Amino acid sequence: MAVYNFNTALLRAPAKSVARGLRAVGGEDPNFDSIASEHQSYVAALRTAGVEPIVLPALEDFPDSIFVEDPALVFPEGAILLRPGAPSRRGEADEIAPVLYENFDTVLSLPEGGTVEGGDILTTPDKVMIGHSARTNQAGAKALQRLLTELGRKSEIVTTPEDVLHFKSDCSLLDEETILATERLAQSGVFHGFDVIKVPSGEEAAANALRINDIVMVNNRHPRTIDLLDQRQYKIEPIKTDQIAIIDAGLSCMSLRWQSAAN
Ligand code: CIR
């Protein structure tokens with residue numbers, strides 16, 4: 001099953017409040033105008049990759065709502081509304097629900113109790129990997145497995161490395177059989193059966209790349225990873241993420257992507 005052929009993406013414009021976005025370590029706030037400019041470049045790169053973007057309006061009450069990957073999952077066969085583990089992000093699922101109902105015949109919802117954030121979910125051709133993390137708990141992961149079964153998808157619960165925000169902070173799918181991952185995640189053995197390309201030490205943030213059609217979007221601050229992927233003949237699009245990185249974000253988190261029959 002091809003898992004990187006997309007023609008549609010859902011995004012949300014950054015709110016001014018994005019400067020107060022959650023982050024693991026303190027430090028200076030990101031600059032709103034620079035985040036807006038990084039977001040615009042990202043939208044342009046999606047278009048170049050062959051995807052039609054739907055950009056939702058900014059939500060001031062939700063500083064992290066630019067990261068639409070976390071409150072929902074989308075598959076050609078249906079969408080799933082999640083329950084973010086970060087309390088300040090819980091309401092983002094209700095905010096994104098209407099556009100999912102407009103675009104998908106089937107929309108399932110994670111029941112009360114568990115929590116799951118989309119950043120912990122890696123879709124591979126034959127299974128959906130669910131990373132147990134500080135944001136995605138066991139109850140949520142198990143409930144999600146039941147919903148994925150309803151959609152006809154196999155799944156597996158795996159472990160996000162300690163002190164790493166999301167499973168996909170440390171990995172991404174490059175093609176049907178190849179994963180880009182950090183050393184610490186690759187070492188855990190979760191990618192048995194895949195060809196794993198490890199990002200060079202010091203470039204861990206590059207592991208959250210984004211394959212869309214024939215393009216691989218990669219964080220532009222990581223030249224050794226870019227070289228490595230270049231040698232493997234991937235078509236690279238370097239993307240600037242300096243400001244969103246301040247609030248612990250990378251490339252996959254700013255969109256939900258799917259193949260729509262309507263486009
Ligand atoms: C958060 O901590 O929730 C946001 N500041 C960053 C979320 C990044 N999401 C993702 O990688 N899927």
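Values for this structure:
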quantity	calculated
Considering residues of the range 93-112 that are loosely packed, with under 15 Cβ neighbours inside 10 Å and assigned to a loop (DSSP other than H, G, I, E, B) only, the residue farthest from the ligand (Cβ to nearest atom)	ASP105
In the range 38-92, the residues that are among the hydroxyl-bearing types (Ser, Thr, Tyr) and within 16 Å of the ligand (Cβ to nearest atom)	TYR42, SER65, SER88
Filter result for SER155 (away from the ligand (no atom under 16 Å from the Cβ), closer than 23 Å to VAL68 by Cβ and either modelled with pLDDT of 95 or more or touching a strand residue (DSSP E or B) at 6+ places or on another chain (Cβ under 8 Å) (or both))	yes
Where PHE191 falls short, out of the listed (1) within 16 Å of the ligand (Cβ to nearest atom); (2) in contact with a strand residue (DSSP E or B) (Cβ under 8 Å, 6 or more places away or on another chain)	(1)
Qualifying residues in the range 233-263 (those that are within 23 Å of ASP163 (Cβ to Cβ) and β-branched (Val, Ile, Thr)) - the one nearest to the ligand (Cβ to nearest atom)	ILE247
Single unsatisfied condition, ILE130 versus (1) out of contact with any helix residue (DSSP H, G or I) (no Cβ under 8 Å at 6 or more places or on another chain); (2) in a strand (DSSP E or B); (3) of a type outside the set (Asp, Glu)	(1)
THR115 vs. criteria polar (S, T, N, Q), in contact with a Lys or Arg (Cβ under 8 Å, 6 or more places away or on another chain), under 22 Å from THR149 (Cβ atoms) and free of Cβ contacts under 8 Å to residues at least 60 places away in the same chain	yes
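The values are calculated or read from the model by the stated rules, or taken from the named source; none is laboratory data. Treat the numbers as computed from the prediction; the structure is a model and nothing was measured. Every residue, glycine among them, receives a Cβ derived from its backbone with ideal geometry; neighbour counts consider all protein chains shown.
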